[in-house]
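Here's the structure we're looking at; comments come further down.
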Amino acid sequence: NINFGEDCKQKNRTWHNISRWIYAMLNTTKEKPAKYTELNCFTIKNNEYLQKMAVVNIKKSNGTSLTKSKNLKFYLKKDKDLLAQQIALIKPTIIVCGYTLSSLKVIFPELNEHNKELKENHSARIKINDNDVLVLDCYHPSNWIYSNKQLFDMLVEVYQKALLE
C-alpha cells in the first residue's frame, strides 16, 4: 500500500482514482503494467502524485459538482482559445480525458483526425506547441459503474498499449 498523505478521514473517490492513475502512468512501462494499489491515507496537500498533474475544468455551476450540458457547451465554445492557451502553458505530455474527449476535440480540433485510433485504442498523439502529447480517452475517475480497480486496470491497459505504438 502507498501512503498518499496523512489525513485518512478524507474519502474522495475522484481524487483517489486520479492519484492511482498518476501512479499507474509513472509505473507502467512497455514491458510491465503497474499493479493496482489501495490507498492508506490521502490529502491533496501532501499527495506527491497530485502535485505532478493539472486538472482543467471548463465550468462548474455555482461551485457544485455538476454543470448543465447547455452551459458547458456555451463556455467551451466561448473560451476554447483561452483553454487551448492555458493547456499549452501547462506543457502536458499526457492528457487523460475523463469522459471529456468531445470537449477536448473542440479545444484541439486536430483530434478529429484521430477518430479511428481513439475508437480502437482509446489513445492518440497530437502536437501542442510542437510538443508530442499523448491523449487517453477514459472513463471519469468518479465513475460508479466500475470499481476503482477496474478503472485503474482500464487506464493501465490503454496507457500501456499507447506506449507500444
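FYI, it's all coordinate maths here, none of it is from the lab. The structure presented is a predicted model; accordingly, all values stated were derived computationally and were not measured.
Under 5 Å between amide hydrogens, which residues at least 5 positions from Ala34 or on another chain qualify, with H placed 1.01 Å from N in the peptide plane?
Thr28, Thr29
Note the direction-averaged projected area, equal to a quarter of the hull surface, for the Cα convex hull of segment 50-165, in nm².
About 8.0 nm², averaged over all directions.
Using modelled amide H (1.01 Å from N, peptide plane; none on Pro or chain starts), what sits under 5 Å from the amide H of Thr100, excluding residues fewer than 5 places away?
Cys138
For a quick check: with amide H placed at 1.01 Å from N, whose amide H comes under 5 Å from Ile95's, ignoring anything fewer than 5 positions away on the same chain?
For Ile95, the qualifying residues are Leu134, Val135, Leu136.
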